[in-house]
Structure formats: C-alpha cells, structure tokens
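Below is one structure, written out as structure tokens; the observations come after it.
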C-alpha cells in the first residue's frame with residue numbers, strides 16, 4: 001500500500017509533521033517494499049484551503065492512505081472523496097521511519113470523522129508542539 | 001502605490017452615485033461608541049422635521065438599528081451567490097477549474113468529476129474557465145435584506161448568515177435594494193459596522209458627509225485615528241462626534257487629531273442614562289426624552305444635515 | 001497548550017479590556033501568549049507599556065492589476081467581477097482595489113491578457129514582551145482588505161511563540177461581528193468566551209455570534225460585562241443562557257475604573273485590583289481555569 005507520511009523533511013529520518021495541510025513535505029512509502037519518495041507540499045502558503053490542496057497533491061501521487069497528526073474537516077472530506085484512508089495521532093517526536101514501523105504494527109487507528117473545525121488541522125494537542 | 005491620476009479615477013468610480021439624493025454616513029473605528037444610537041436618532045430627528053429618510057443599517061454582522069427603533073424586520077429577500085454545480089455528462093476531467101480556484105475549494109478525485117469541498121466565495125472563476133461549459137450555477141444563500149417602514153422612516157437592514165464570510169456582498173445587495181426600491185426618500189443615512197475593512201469601505205461609498213463617532217478613552221482615540229486616515233484615503237471629509245464625553249482619557253489627543261485632519265468636533269454627548277432607557281424601550285431618545293442633553297445634541301446634528309443638504 | 005478566544009458580536013462591550021485583564025491575571029501563574037486578532041482596531045497593546053521586539057509585514061492579500069497599455073477596452077472584466085471591484089471610467093476598466101478578492105475571474109475573461117493577479121502586503125504583525133508574556137498583534141493596513149487571512153497569520157505566529165516559550169495558554173482577543181475575521185479567529189481554538197452587556201442590541205448580537213460558535217461546535221461560556229447597567233436586560237441574557245444551556249462564567253460590574261485604568265496604560269485588574277470590575281475579572285479567570293486548564297496537560301507531561 002502507498003502510504004503518505006507528513007514530514008518536515010525529505011528523508012525517512014526526517015521528523016513527522018503533525019499538521020497535514022501545512023506539512024512542508026510528504027514522504028510516500030510503500031508498506032510492502034523499501035521504496036519511498038518525497039514530494040514538496042506546495043499548498044503550504046495557500047491562504048485558503050491548504051488542506052484540500054494538500055489532499056490533491058497526495059491523491060495525484062497515488063497515495064492510498066495518509067498518516068499524520070491531525071486532519072481538518074475540509075481535507076478529511078477531500079481525502080474521503082479520493083478513497084484515501086486517514087490515520088491520525090502520529091507524533092513529531094518520531095521520525096518518518098519510526099512512524100512507519102508503528103504503522104506496520106497497527107498502532108494507529110483509522111479516523112472515521114474529522115477531528116477539528118475548519119483550519120482545525122492547524123491545532124496542536126496535548127501541550128506538545 | 002497608485003499615482004494621483006489613478007487615485008482620482010478610483011475614487012470617482014468608488015463614489016459614483018445611482019440615486020440623486022444626499023447620502024450621510026455614520027461610522028467609527030471602535031465598536032460600542034454609539035454609531036447606531038446616533039444614526040437612529042439623526043434619522044428620527046430628520047423624520048420629525050418632516051423629511052423622508054432611508055436609514056441603511058450596513059452593520060450586517062450585528063444589525064441593531066431595528067432593535068433600537070422598535071421596528072420589526074419586514075419583507076425579507078434572500079441574497080445568494082453562485083457556487084459550481086458539475087455536469088458529469090459534460091466534464092472531461094481537465095482539472096482547469098480545480099487549478100484555477102484560488103481558494104482551493106475544488107478537489108479532483110482520481111475517478112469522477114471535481115467536487116466542491118472548501119469555502120466557495122461565489123467568484124465564478126471556475127465557471128468562466130471551464131472549456132466545456134460543464135459547471136452550472138447553484139445558488140447558495142449568504143444573507144438577507146429587509147425593508148421596514150414607519151411613518152417617514154424607511155429602514156433597510158442587511159443580515160449576514162452565521163459562519164458566512166462575505167459581509168461586503170451583503171452591503172452591496174442592501175444598497176442595490178435601496179437604490180432599486182424608488183423610496184422617494186429625501187436622504188439616505190448609512191450606519192456602518194465598526195472597523196476599517198472592506199464592508200465599512202463599501203458602506204461609505206458615495207457619502208456626501210461622514211460623521212465619525214468616538215469616545216474620549218485611550219481605545220477610542222487610537223481607533224479614531226485609523227478611521228480618520230481611512231476617510232482621508234477614501235477622499236471623504238468628516239465631522240467628529242465625541243460620545244460618552246465624560247469618560248476619562250486623552251481628550252487633548254483627540255482634539256489635536258481633529259485639528260490636524262481638519263475635522264472639527266461637531267458635538268459632544270455625555271454618558272446619558274436616558275439614552276440607554278430609550279434603547280430598551282425601542283424608541284429613539286429624541287422622541288422619548290426630547291429635552292435630554294443628548295437628544296438636544298443629536299437633534300442639532302439632524303438640523304445641520306437638513307440645512308446643508310435638504311434646503 | 002490551550003487557546004481561548006474572546007468574541008462578542010457587538011463591538012465595544014469590553015473584549016479588549018477583558019483580554020488584557022485576563023492576561024494580567026494569568027501571567028502571574030502561567031506562561032501566556034496574548035494574540036490581538038481585532039486587526040481593524042488592535043487595542044490590546046494599549047493596555048501594556050511594551051515596545052515591539054519584532055515587526056513584520058504580511059502579504060496576505062491578492063489583487064488584480066490591469067495593464068492599461070494592453071487593455072482593449074472590451075469591459076468583459078467588469079461583467080465577470082462578482083465583487084463590484086471593477087468600474088468603468090472613460091470607457092476603460094478601473095480596479096477599485098478595496099473590493100478585489102484576487103479571484104482571477106477578470107483575468108480569465110480578458111482576451112488581451114492585460115490582467116495579472118499579484119500578492120500584496122495588507123498589514124503587519126508586531127511581537128512584544130511583558131516579562132515572560134508575549135503579545136502578538138495584527139494590524140490591517142488602512143484601506144487594505146483580506147482581514148481574515150491576516151488573522152490566520154496572527155494566530156499562526158501566536159502558536160509559534162507559544163511553542164517557543166512552552167506556553168500554557170493563548171488568550172486571543174477577537175474582532176467584533178460574525179464575518180470572515182471572526183471565523184478565522186475562532187478556527188482551531190479550544191474554548192470561546194462570549195462577552196455581552198445588558199442592552200437589547202448586545203443580546204441580539206450575542207445570539208448571532210453564538211450561531212457561529214455552534215456552527216464550529218466549540219465549547220463556550222458567557223461573560224456579562226457592565227453588569228448593573230440595565231437590570232431588565234440582564235434578565236433577558238439569563239433567559240437566553242438558560243434556554244441554550246450555556247454557562248455564565250462571570251458578571252463584571254459596570255465600573256469607571258476600567259477606562260481610568262486604560263488611560264494609565266494598564267488592565268483594570270492590575271491598576272485597581274480592588275475595584276468591582278477587577279473582582280469580576282478574577283472570577284472570570286477562575287472559571288476559565290476550571291473550563292480549560294484544570295484537567296489538562298499543564299501540570300505534568
């Protein structure tokens with residue numbers, strides 16, 4: 001499966017970025033093979049609809065699932081329209097590689113409803129930053 | 001920056017009038033300084049003098065004039081914008097609409113036609129860009145306008161729907177309704193929202209005179225400065241009304257600002273319990289307490305306006 | 001880290017005075033960032049004697065520009081613009097920049113390729129410090145638009161600063177009304193304080209802003225400011241609250257100490273701690289602590 005992980009860098013060793021729409025990079029990995037690539041998130045500067053634009057970018061890359069910290073409702077609805085599964089709860093204290101390992105162990109749950117109000121993807125939880 | 005010639009052109013276009021009657025606006029940078037109080041009392045004062053007044057409540061995010069006047073909102077009309085409605089039969093999946101939308105409101109799934117997901121502001125760029133004519137128009141309501149009439153006072157009220165952003169479009173729709181209604185009014189009095197952003201600018205279009213209301217507090221002085229600068233940019237001359245004049249604060253600063261910008265303080269109103277009572281009763285203070293200090297002041301402004309524009 | 005946003009619908013009911021006093025109270029025991037999102041009339045800095053440490057210009061606006069040389073005068077752009085931002089002057093289109101949303105509809109229909117959409121600066125953001133507390137303040141440039149996007153940027157910078165100082169709380173002073181800047185101010189927040197005063201107009205506007213708060217499903221409570229100003233209206237507010245099952249966080253007395261403190265560049269809770277209004281502010285701070293901070297992460301992890 002092609003899994004997109006939000007990241008602050010291009011590498012597997014880069015840290016996970018917890019917000020989807022404003023994530024600097026998307027690292028797209030194949031969960032069955034060692035194959036991976038990274039895509040710059042050009043939606044970061046968007047004044048409006050950064051989440052929807054980000055969803056467009058990963059849908060065009062053929063992602064089948066997304067792993068990130070949190071997804072706002074607009075992006076969630078777009079991902080749903082593209083049949084991309086959403087997994088939330090990844091932490092910036094993990095590298096992309098660590099998050100991928102945890103994902104393979106089934107440590108993240110699939111989100112079925114969006115977590116925040118519009119722009120909610122930019123919200124930070126639990127005192128973590 | 002725009003050059004002087006272009007600026008004149010812009011201002012001429014901004015202030016071009018449809019109705020051949022005087023327009024007077026009441027505005028102010030800070031909220032709660034008494035814009036609506038003063039607007040409804042000037043309107044009531046002019047009506048008492050025998051003039052027919054169209055009062056435009058352009059504070060569309062918090063319209064209160066009808067409450068202060070004790071008037072029920074009547075004759076609602078919907079304001080709608082057009083959002084895209086994709087015709088799957090005509091859409092070829094070229095994605096031009098998705099890429100052209102600067103609000104990133106449209107999304108193209110891998111299969112099927114684009115879907116509208118984000119906040120569409122009704123700009124219709126997608127419909128214009130679609131080479132197949134596959135995007136139809138679907139109405140989306142953003143607000144309402146109302147017209148209520150009482151004696152010689154016509155109240156035009158605009159109301160933005162909750163969680164909708166396009167307040168300036170509601171102001172435009174309200175003005176269009178006023179202009180199209182053939183009111184027979186002698187004068188339009190506009191009550192703007194607080195602040196300096198686009199819907200305030202929209203409400204100030206074509207004003208022959210502007211009354212900027214403030215209070216003598218630190219905050220009132222700060223916000224007045226911004227309002228006076230805006231009025232300067234818009235080429236509008238202004239009169240100043242100092243409300244709640246007995247509140248503590250930097251009065252001299254306000255007086256100096258007024259002098260510097262050539263805007264004189266036309267009147268000072270003290271904190272007046274009778275004004276509050278009149279709001280609660282839904283009767284303008286000029287009618288309910290005609291002898292109150294504030295009523296006398298506000299009636300004088302109405303008289304000044306009548307002398308200037310209604311002779 | 002939690003973000004509390006203060007809104008009111010009606011202007012002038014005391015949002016900034018309450019934000020400033022809450023800031024002064026909370027900064028004694030917590031790490032706090034104050035964010036001023038009333039970009040039309042940013043007033044929060046007027047309560048504190050602090051100078052900006054950092055100031056930046058924000059380009060959060062996009063506008064069309066018409067090249068008069070290329071324009072053929074077909075006026076298709078005038079017809080296409082849904083925001084009445086292009087007028088006709090001497091048979092040529094003239095852009096009224098105040099209403100342009102930068103949507104690009106005009107550039108799509110222009111057969112001469114005479115219209116471009118450009119980013120423009122529309123305001124600044126100032127950051128200042130009062131001891132360990134940070135104030136982030138946005139100011140819309142006069143005559144500019146896109147205040148909502150400027151608010152987004154203020155909130156982003158406030159969160160950055162909150163992360164830097166490891167803040168417990170962001171207190172966001174919101175704009176009046178219910179339109180785009182208010183929606184931006186509410187987005188992504190944890191709790192909303194809705195301020196009202198006992199007048200019929202303020203109650204009506206409270207209803208309007210509550211429609212927005214409910215739309216976003218945000219937890220909230222009400223403050224009755226200038227309590228005692230008109231007792232009959234106060235009972236109307238209480239009816240509204242009971243009907244909708246919204247908690248009253250505090251009632252703050254109508255008190256001349258509030259503008260007097262502001263005239264001294266101080267929040268009332270700091271300038272006159274024993275004034276009736278200050279006691280109300282302290283009760284409000286207590287209620288906010290209970291609502292957003294008591295069972296949160298600040299104590300340990």
Please find, in a Gaussian network model of chain B (springs between Cα atoms separated by less than 10 Å), the residue of B:65, B:20, B:223 whose mean-square fluctuation is greatest. B:20
Beyond 28 Å, what share of the Cα-Cα pairs of the range B:69-205 is found? Please give it as a whole percent. 35
If we restrict to alpha carbons, what Rg and Dmax does chain A come to, in Å? 12.8, 37
Mean 1/r over all different Cα pairs, inverted: what Kirkwood radius does the range B:170-311 give, in Å? 16.6
Per the Kirkwood treatment, what hydrodynamic radius in Å, one decimal, follows for the range B:260-311 from the mean inverse distance over all distinct Cα pairs? 12.2
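Let me check against my output: what whole-number percent is the relative contact order of the range C:173-245, with C-alpha pairs under 8 Å and at least 6 apart?
34
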Hey, what's the Cα Rg ratio for chain C versus the globular rule of thumb, 2.2 N^0.38 Å? 1.14
GNM result for chain C, Cα springs below 10 Å: residue of C:116, C:161, C:260 fluctuating most strongly: C:116
Over 17 Å apart: what share of the alpha carbon pairs of the range C:179-301 falls there, rounded to a whole percent? 62
In degrees between 0 and 90, to the nearest 10, how far off the longest principal axis of chain C does helix C:147-164 point, with axes built from Cα atoms? 50
Over the protein assembly as shown, what is the percentage of antiparallel beta bridges among all DSSP beta bridges, to the nearest 5? 50
Here P(r) for the range B:160-234, Cα-Cα distances in 5 Å bins, as whole percents, is 3, 13, 23, 21, 17, 14, 7, 2, 0
Using the Kirkwood radius built from alpha carbon pairs, what does the Stokes-Einstein equation give as D for the range A:34-102 at 37 °C and 0.692 mPa s, in µm² per second? 257
How far is helix B:251-260 tilted off the main Cα axis of chain B, in degrees rounded to 10, range 0 to 90? 70
What is the antiparallel percent of DSSP beta bridges lying wholly in chain B, to the nearest 5? 45
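Hey, what did the range C:1-157 get for relative contact order, percent, Cα under 8 Å, at least 6 apart?
Relative contact order, the range C:1-157: 31 percent.
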Residues B:197, B:279, B:15, B:239 in order from fewest to most other beta-carbon atoms within 10 Å are B:15, B:239, B:279, B:197
So what's the convex hull volume per residue for the Cα atoms of chain B, in Å³? 159
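Give the order of B:211, C:191, C:30 when sorted by the count of other beta carbons within 10 angstrom, beginning with the fewest.
Fewest to most other Cβ atoms nearby, the residues stand as C:30, C:191, B:211.
What number, in percent, do you get for the relative contact order of the range A:44-84 if the mean sequence gap of Cα pairs under 8 Å and at least 6 apart is divided by its residue count? Show your work: numbers first, answer last.
Details: 22 pairs, mean separation 21.1, N = 41.
Normalised by residue count, the contact order of the range A:44-84 is 52 percent.
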With label points built 7 Å along Cα→Cβ from the Cα atoms of residue C:245 and residue B:137, find their separation and express it in nm. 4.3
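With N set to the residue count of the range B:1-116, report its C-alpha Rg divided by 2.2 N^0.38 Å to two decimal places.
Details: Rg = 23.0 Å, N = 116, 2.2 N^0.38 = 13.4 Å.
Cα Rg divided by the expected 2.2 N^0.38 Å: 1.72.
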Give me P(r) over the range C:88-186, computed from all C-alpha to C-alpha distances, binned every 5 Å, as integer percentages. 2, 10, 17, 18, 14, 11, 9, 7, 5, 3, 2, 1
Pick from B:109, B:270, B:84: which residue has the top mean-square fluctuation in a GNM of chain B where Cα pairs under 10 Å get a spring? B:109
Viscosity 1.306 mPa s, temperature 10 °C: give me the Stokes-Einstein translational D for the protein assembly as shown in µm²/s, with Rh taken as the Kirkwood radius over C-alpha pairs. 59
Could you give me the radius of gyration and the Dmax of the range C:22-87, taking only the C-alpha atoms into account and expressing both in angstrom? 21.9, 65
Rounded D (µm²/s) - the range C:1-156, Kirkwood Rh over Cα pairs, Stokes-Einstein at 37 °C, 0.692 mPa s: 184
Could you calculate the contour length gain from residue C:88 to residue C:69, that is, 0.36 nm times the residue separation minus the distance between their Cα atoms, to one decimal place in nm? 5.2 nm
With every atom except the alpha carbons ignored, what do you get for Rg and Dmax of the range C:130-223, in angstroms? 14.4, 43
Compute the acute angle (0 to 90°) between the alpha-carbon long axis of helix B:293-309 and the principal axis of greatest extent of the alpha-carbon atoms of chain B; round to the nearest 10°. 70
Using the C-alpha atoms of the range C:177-222, what convex hull volume per residue, in cubic angstrom, is computed? 62
Order these by the 10 Å Cβ neighbour count, fewest first: B:273, C:3, B:5. B:5, B:273, C:3
Across all directions of projection, what mean area in square nanometres is found for the Cα convex hull of the range C:79-131? 5.3
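Values quoted throughout were computed directly from the atomic coordinates according to the rules given, and no laboratory measurement underlies them. Owing to the predicted nature of the structure, the values given are computational and were not obtained by experimental measurement. Every residue, glycine as well, gets a Cβ built from its backbone with ideal geometry; the counts of neighbours run over all protein chains shown.
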